Amino acid sequence: MSLKKISKDQPKKFEFNERNIELAKKMINNYPEGKQQSAVMSLLYLAQRQNNNWIPLAAMKYIAKFLNMPYIKVYEVATFYSMYNLSPVGKFFYQVCTTTPCMLRGAYKLVDVCKKKISNKENEISSDGNSSWMEVECLGACINAPMIQINDEYYEDLDEKKLENIIEQTMKGKKPKPGSYRGRVNSEPENNRTTLVGIKNA
Amino acid sequence: MTMLKLKVNDKDIEIEEGLTVLQACEQAGVEIPRFCYHEKLSIAGNCRMCLVEMEKSPKPIASCAMPAAEGMNIKTNTPLVEKARKGVMEFLLANHPLDCPVCDQGGECDLQDQSMYYGIDKSRFKENKRFVPEKYMGPLIKTQMTRCIHCTRCVRFATEVAGIPELGAIGRGEDMQITTYLEKAMESELSGNVIDLCPVGALTSKPYVFEARPWELKKTETIDVMDAVGSNIRVDTYGWEVKRVLPRINEEINEEWISDKTRYACDGLKSQRLDHPLKKINNEFKKISWKEAYETIAEQIKITSSDKIAGFIGDLTNMETMFVTKEFFEKTIKSKNLEARDDNTYINTEERTNYLFNSQINGIEEADFILLIGVNPRLEATMLNARIRKNYVVNKTEIYSIGDVGDQTYPYKKLSAETKIIKEIYENKSEISKKILDSKKPLVIIGNSALNLKSGKFIFENIKKFLVDNKKITDEWNPLNILPVNASSVGSYDLNLVNNEENLTLKKLKENDFEIVFLIGQDNLKFKKKAEFIVYIGSHGDNGAEIADVILPGATYTEQDGFFTNLEGKLQKAYRASFPPGEAKEDYKILNELSELLKRKKLFQNKDELIDNLLNYLDLNQKKIQSKNFSSVDYIDEKIIINPIDYYYSNVIARASKTMSECRSIKTDLKKTGTEG
C-alpha cells in the first residue's frame, strides 16, 4: 500500500446535511467535555457516507472547524486509515481481499478479473463510471476465501466466473445477492453442520 | 521531593522523582544515543535508539519513555544493548539515502555521528530505497524528505512550542510523510527552529543551502539585536561573510530557540551596505575621503549655534556608540537635543524599574494572571511570547488583552480597547482589578502602542499607582512590565537619552527647527526635510541615508564589539564576528574622531577608556533613589490602537534582507487571498 492519492477535482464546499449534523452531535456527546476531538473518526465516516463514499478536502476542513481542531490533525487521521477514500470511487466499490488465506485460494485471479472487467488500474473508475476496485488487507472472512466487499456487503466463496457474473449484474445497475456463492449459510460447512447440532443458535 | 536510588552500570545514583531512565543515565554521566527525544519537547519514544537493558526485563527498554523507579538496575554497555542499537541503526539506514556528500547537514548530523558508533559498514538491505517527494514549507525551510527518519521532533515543536499546529505526519508505516497542511508555508515566527531540531538533513535552511560546511566556519558567540529580548546567538562566518545565525542556549532568555528574524535577517548584512563616506553634491552622492567628510561637517557645526543641532539615535545602536554620542553632544558641541526615541513613547526614567521587564523572562512561567495592555508580544518580542505560551500550556493561565492583537498562539480574552478600562482598573471598579488583586503573581505588560498614545502617561502612572497602592510590587515579585521593542531602547534609557516626556526634540524636528541633524543609525523618523544639513552615521543605505547630506559608513552588530541592555535590564556584550566593509568604521570611532577635529582632542583615547567610563556611568545611574511621588495625570478618553507591526521589515538589516522580503510577501499574499482561513 502506498500513500493515498488525493483527488485533483475537489468540490469547493461541503456541509453535513441535517440528519448528519444530528448524528455528529450525538457522536460528540459520547465523549467527555473538552474531548470532542475524539469524534473525528466517526465524523469522517459520516462525511464519506454523505459524499458518495469519498472524503473531499472541503469535508476535512469542515470537520476540523466543527471539532475546533487543526486541519492537519484531521488530515493525518484521514490519510492514516485505509478505509477512508480520498478520491472518488465507483457507485459499486469493489474491495478485493488479497491477504494470505484469500491469496492462497486464488484472490489474484479475482484481481485479474477486476482488471479485465472494471478498469486496468486500481482505484480507477470504470469507463461507464459505475464501478472501481482496489486491493485491501484482510476483511476477516478467511473461512469463505476468496472474497470481495462491494459497498457494505460481503461476497464470498468466489471464483473467476462467479465474479464475472457479479460484475455483469452491477454493470446493469443491479445489486447482486450478498453472501456465499457456494450455497453456504454464513461460514457453516457445505453440507450442513456436523457439530453442535443440538444447539439452535450456535 | 522524594529521591530515588537506582543503579546505572553498577554505579549508585540518587535522582529526583519524575525523571526518565534516560535523564537518570545522563545524571550518572552515561550518554545515551537518541533521535526523537528532546528535553524541551514531549516524549514520543518512536526512534528506539535509546534502548538500554534493565534488570528483570526480558527485552531492552526505550529509556526516554520509561520513568525511573526505585531500585532499577540499568545497564548501557552490555552486548545486548549494543546489538539492539546496531539493529535500530540498520533499520534507520535501510531507507536513508547515502547522500551525505551533498547534504547540508553533513558534519553536524546526529545520524552521521551516531552511525559512526553504532552503524555497520555494509548494508544487508538489497531492495530499493523509499523515495519521498520534497515538500514546500515556505521560503525558510528546505526539505529533502527522503532523508526523514520520522522522529516527529518538528511536528512536536510546531504544536507545542510554536503553537502553530501546521505540521503533521500523514500516511502510516513506511509511507509516513511529514508535511504542512497541503504544503503551505509555516505561519510561525519560530519556524526556523525545526532546522536545528531535525537530527538528519530532512529539514535544512533554504537561504544557507550549499553555502558552507560547518567545519569551515568561524563561530562567534554573541547576542542578537533584532528585538529587545537579546537572544543569545552564535554567528558563523566564512571569511568576512556572515553565513548563518544559530541559537545559543540561555535558559534565562531564549532557552534554545530564536525567532526567524534573528536567524535569517543575516543576509541583510551583505546588501545595501554603505562602504565609503559620501557627500551629496547637486542631489548626487559623491565618494569623499573620511578627512573631507569630517571637515565638511566641522565647517557646518562651526557656523551653527549649538541649540540648532540635534541628534537621533537608532534602534540597533550599541551602548558605546550611544555614550560617545552623548559625550559628543554634551561636551563637544554643547547641545541638549539628543534623543533615542523615534515616537512619543512615554518613559519615566526616574527609576530603573519604570522601563524594564521587571518580572524577568523566566518569571513569566510563574505568573498566574497575565494582562496585556496595547502590546503584541508575538511580533514585538517573539521569544518572550513563547514563554507566555509555555505558561499557558502548563498552567492554563488566564490571559487578558486590552485591544485585539490577533493570533498570539494562545487563547486570550479581549477587552474593549479604551482608556476607560484603565480608569476602571485603577478605581477598582473592573473585574480585572479584582483578578489582579486575587492572584499571587500577576503580570501586567504595557507595550509601545499604549505608551505611544496621548494617554500613555495616564496608563503607565495609574497602573503603577494601582499596583503600588495594593502592595502588589514586592521585593520578590514586580508585576509591572514594559515591553520595549528595540535592542537599544533600555540602554538609551539607562544613559538618559530621553529628553523630555513629549519628545520635544522630535516635535522641533518635524517643525524643521534644526539646522544640523545627526542620525546615528536612525532610519525610522518620519519628517519632511527642508533646509537641514543631515549627517547619517550607519551601516545600511535606507531611509536615513537617502535624505542625508553626508554619509559616514558604520558597522553592524556582527562587526563590532558592543554592549546591549536587554528588556530585563541585563547588560550583554555582542562580539565582533566579521569586519565592516570597505572604508566603514566601527560606530564609536566616528564621532570620537570628529570630536578630535573640532576640539583637537579625542573624547576617549581608546576603547578601554570608553568602556570604563560607560560602566561607571551605568553604575551611578542604577543607584537612583526610588521616588514615592506620583504625578497625577489627567484622564483622556481615547481608543487604545494597536500599531500594526511590519514584522519582517522592522529594521535596516531586515529591510535589506532578501529572505525577509520573501517572508513578508508570502505573509501579505496570504492576507490578500484569505486562504489562511
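Every number here is computed from the coordinates shown, using simple stated rules; none is lab data. In this text, all values refer to a predicted model and were calculated from it rather than measured experimentally. Glycine gets a Cβ as well: all are built from the backbone with ideal geometry, and neighbour counts include every protein chain shown.
Brief remarks follow.
- Taking every C-alpha pair closer than 8 Å and separated by at least 6 residues, the mean separation divided by the residue count of the stretch A:92-180 gives a relative contact order of 33 percent.
- For the stretch A:18-80, the Kirkwood radius over C-alpha pairs fed into Stokes-Einstein at 20 °C and 1.002 mPa s yields D = 185 µm² per second.
- Expected 222 nm ellipticity per residue - DSSP helices of 4 or more, -39500 (n - 2.57), all of chain B, to 500: -8000 deg cm²/dmol
- The 3J(HN,Hα) values that the Karplus relation (6.51, -1.76, 1.60; θ = phi - 60°) gives for the stretch B:278-289 are, in residue order, 10, 9, 8, 10, 6, 6, 9, 7, 10, 5, 9, 8 Hz. Gly and Pro appear as x.
- The stretch A:18-80 - percent relative contact order, Cα under 8 Å, separation 6 or more: 26 percent
- Distance violations [Cα-Cα > 27 Å] among B:K336/B:K589; B:K396/B:K573; B:K471/B:K639; B:K454/B:K529: B:K396/B:K573; B:K471/B:K639
- Dipole size of the stretch A:18-80 about its Cα centre, with +1 on Lys/Arg Cβ and -1 on Asp/Glu Cβ: approximately 40 debye, rounded to the nearest 20.
- Listed pairs B:K423/B:K472; B:K279/B:K602; B:K206/B:K526; B:K270/B:K334 exceeding 26 Å between Cα atoms: B:K206/B:K526; B:K270/B:K334
- Taking amide H positions as modeled 1.01 Å from N, with prolines and chain starts lacking one, the residues under 5 Å from B:H540 and 5 or more places away or on another chain are B:L274.
- Cα pair count fraction exceeding 24 Å, expressed as % - the stretch B:174-293: 44 percent
- In straight-distance terms, cross-link reach from B:K420 covers every one of the aspartates and glutamates whose alpha-carbon lies under 18 Å from its own, apart from those fewer than eight places away in the same chain; here that gives B:D404, B:E431, B:E461, B:D634, B:D637, B:E638.
- For chain B, the relative contact order is 14 percent, taking Cα pairs closer than 8 Å that sit 6 or more residues apart in sequence and dividing their mean separation by the residue count.
- What you get for chain B, charging only the Cβ of Lys and Arg (+1) and of Asp and Glu (-1), is a dipole of about 660 debye around the Cα centre.
- Amide proton proximity set for B:E398, modelled H, under 5 Å, gap of 5+: B:I370
- 5 angstrom amide H check on B:L51, placed H, neighbours 5+ away: B:S63
- Alpha-carbon spread of the stretch A:64-202, three principal axes, descending order, Å: 56, 37, 28
- The label point for A:N52 and the one for B:E284, both projected 7 Å from the Cα toward the Cβ, are 7.0 nm apart.
- Hz values of 3J(HN,Hα) by residue in the stretch B:21-36 - Karplus curve (6.51, -1.76, 1.60), Gly and Pro given as x: 4, 4, 5, 4, 4, 4, 5, 7, x, 9, 8, 10, x, 7, 10, 8
- Considering only A:C97, B:I537, B:C47, the residue lying farthest towards the positive end of the dipole of the protein assembly as shown is A:C97, judged by Cα position with unit charges set on Cβ.
- Altogether, the Stokes-Einstein calculation at 10 °C and 1.306 mPa s, with the Kirkwood radius of the stretch B:247-323 over Cα pairs as Rh, returns a diffusion coefficient of 94 µm²/s.
- Debye-formula intensities of the protein assembly as shown, expressed as log10 I(q)/I(0) at q = 0.05, 0.06 Å⁻¹, are -0.40, -0.55 (one equal scatterer per alpha-carbon, no solvent).
- Cβ charges +1 (Lys, Arg) and -1 (Asp, Glu), total dipole of chain A, debye: 380 debye
- Only aspartates and glutamates eight or more places from B:K528 in sequence, or on another chain, were considered; those with a Cα closer than 14 Å are B:E511, B:D513, B:E515, B:E546.
- Ellipticity at 222 nm from helices only: DSSP H runs of n ≥ 4 in chain A, each -39500 (n - 2.57), divided by the residue count, give -10500 deg cm²/dmol.
- Across B:K441/B:K507; B:K414/B:K658; B:K56/B:K126; B:K530/B:K570; B:K5/B:K59, pairs whose alpha-carbon gap is larger than 30 Å: B:K441/B:K507; B:K414/B:K658; B:K56/B:K126; B:K530/B:K570
- Calculated SAXS-style log₁₀ I(q)/I(0) at q = 0.06, 0.08 Å⁻¹ - chain B, Debye, Cα scatterers: -0.40, -0.70
- Coupling constants for the stretch B:327-337 follow from the phi torsions by the Karplus curve (6.51 cos²θ - 1.76 cosθ + 1.60, θ = phi - 60°), and in residue order they are 5, 4, 6, 6, 9, 7, 10, 6, 10, 9, 8 Hz; glycine and proline get x.
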